[in-house]
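Here's the structure, in C-alpha cells; my notes come after.
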Amino acid sequence: MARSVRALGARDVAFPVVPLPLPAGTTEGDLRREMGTIRVDNGSPDELAGYIEEAFGRFLHTWGLVRDERGRALELGANPYFLTWLLRRHTELDVELANYFGDDRTEMEQSVSFGSVDGAADQWTLRSAHFNMENDPFPYADASFDVVLFCEIIEHLLMNPLHALAEINRVLEPGGVLILTTPNVARLGNVLSLVEGSNVFDPYSGYGPYGRHNREYTRHELVHLLRFAGFAEEVSFTADSRPESYEQHPLMSPLAPLLRGRLDDLGQYLFVRARRVRPPAEGLPSFLYRSWPADQPLVDIFAPDQPWNRPAP
C-alpha cells in the first residue's frame, strides 16, 4: 500500500499517511458536497454536518477495502447511510441493511434524500432488519452473504463481541469478506493525552449505554480477535479520517523517538479486511473477558502455538 509521510516533530521520525481512495471519475470536493446533502427522514441541514466532517475519510477508506467486491453484502449499523450511499453509488454490491435502536421491532424503514453536484435530487426508501447484534441471532441463513460490513459497531458493544463475530462468520460464505472498522485506542491523540494526564475514555451518553464507546481496540488486539473468530486478515492498517496536526504539540518532540517502532499504529481508526476461513474457536479471549461462566474457558489468543496464529502450510 503506497503511503506518504508527515513529520512528527523529529527529523528522522515520520508518520505513514494512507492515501484517500476515490471512486473513478470523482473528486474529493464533489464527494464532500454530495454526501453533505444526505438527509435522513427529512432531517435538518445541520443535523449530520458534524458527522460527515468527522467521518468523511473513514467512509472512503472503508469503501476502498470493498470497492472491487461483488455479490450480496450486509451492512450492519447502516444509519445514517453515508457508507450505504457510497456502496450503492460506487460498487457492484447488492447491499442489505441492518440497524438497532433498542426496541422490539424486527424491521424498520427510513427515507434518505440526497443531491448531486449537477443539482439533481433523489430519494431512497431504505428498509433494514432490526436486531441487537451482540445478543440476537442474525435473521439470515448460513452462508447468505459474500461481504459483511461491521463498521463502527464493535466499540459500542457492552458484553459479548464474540457473539456478533460468530454470527458474521455463520452468515458469510466460506471465503467471504469481512470489513471491520473501529476507532484506534492507540491513536496518536490518545498517546499524547495520556502522557499529559488527560483521560481518553468516552463520555457517558444520553442515548443510553450503546450511545458511547464501551471498549476500543489496538490493531494487534483486533487482528488476533478476528483470527480467533475464524477470519484471516488480508489487510489491516490505521489511518486518519480528518486532518489532525500534532507537530507543534509540546510533548511531540520528546515522544517522537519513542514511537519509531509503531508508526503504523497511530492513526485515528483501524481498518481490516479479512476472510472467513474456519469456524470460531472455542472459549473466550482472556484479554477481553473476565468473571465469565466456567463452561466458556478463557483462552490466551496471542500465544504463538495457537492454531489460528500458526503460519499457513
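Structure values in brief
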read-out: Shape box of the range 169-307 [Cα atoms, principal axes, largest first, Å]; value: 48, 33, 31
read-out: In Hz, Karplus ³J(HN,Hα) per residue of the range 155-165 (6.51, -1.76, 1.60; θ = phi - 60°; x = Gly, Pro); value: 6, 8, 5, 8, 10, 8, x, 5, 4, 4, 5
read-out: Length-normalised contact order of the range 148-207 in % [C-alpha pairs under 8 Å, at least 6 apart]; value: 41
read-out: Cleavage-rule hits (GluC sites (Glu not before Pro)) in the range 223-313: DSSP loop, at most 13 neighbouring Cβ within 10 angstrom; value: Glu244, Glu247, Glu282
read-out: MRE, 222 nm, helices only [DSSP H, n ≥ 4, -39500 (n - 2.57), over the chain, to nearest 500]; value: -6500 deg cm²/dmol
read-out: Pair Arg33, Arg242: separation of 7 Å Cα→Cβ label points (nm); value: 2.2
read-out: Nonlocal amide H pairs with Leu284, under 5 Å, H built at 1.01 Å; value: Leu298, Val299
read-out: Loop sites in the range 203-310: trypsin sites (Lys or Arg not before Pro), DSSP, at most 10 other Cβ within 10 Å; value: Arg290
read-out: Accessible surface, 1.4 Å probe, highest first, among residues Trp85, Trp292, Trp308; value: Trp292, Trp308, Trp85
read-out: Values of log10 I(q)/I(0), in the order q = 0.22, 0.26 Å⁻¹, for the range 166-228 under a Debye, Cα-only, solvent-free model; value: -1.02, -1.14
read-out: Principal axis box of the chain, alpha-carbon based, largest edge first, Å; value: 52, 51, 43
read-out: Under 5 Å, built H, 5+ apart or other chain: amide partners of Ala143; value: Val171, Leu172
read-out: Percent RCO, i.e. relative contact order, over the range 63-108, from Cα pairs under 8 Å lying at least 6 residues apart; value: 44
read-out: Mean accessible surface per residue for the chain, computed with a 1.4 Å probe while every protein chain stays in place, in Å²; value: 49
read-out: Accessible carbon and sulfur surface of the chain relative to its total accessible area, %, 1.4 Å; value: 50
read-out: The range 76-216: translational diffusion in µm²/s, Stokes-Einstein, Kirkwood Rh over Cα pairs, 25 °C, 0.890 mPa s; value: 143
read-out: Difference of contour (0.36 nm per residue) and Cα-Cα distance, Tyr289 to Phe201; value: 29.8 nm
read-out: Of Asn190, Thr106, Thr91, farthest towards positive along the dipole that unit charges on Lys, Arg, Asp, Glu beta carbons give the range 89-224; value: Asn190
read-out: Environment charge at Ala121 (Cβ cut-off 13 Å; Lys +1, Arg +1, Asp -1, Glu -1); value: -2
read-out: Potential lengthening between Gln296 and Arg70 on full extension [0.36 nm per residue; Cα-Cα distance subtracted]; value: 77.7 nm
read-out: Restricting the range 18-99 to trypsin sites (Lys or Arg not before Pro) in coil, as DSSP defines it, with at most 10 other Cβ within 10 Å; value: none
read-out: Fraction of antiparallel bridges per DSSP, the chain only, in percent to nearest 5; value: 55
read-out: Contour minus Cα-Cα distance for Glu109 and Leu22 (0.36 nm per residue); value: 28.4 nm
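The values are calculated or read from the model by the stated rules, or taken from the named source; none is laboratory data. On a predicted model such as this, the values are computed, not experimentally measured, just so you know. Every residue, glycine among them, receives a Cβ derived from its backbone with ideal geometry; neighbour counts consider all protein chains shown. The area values use the complete protein model at the heavy-atom level, side chains included, leaving out ligands, DNA and RNA. Shrake-Rupley method; radii C 1.70, N 1.55, O 1.52, S 1.80 Å.
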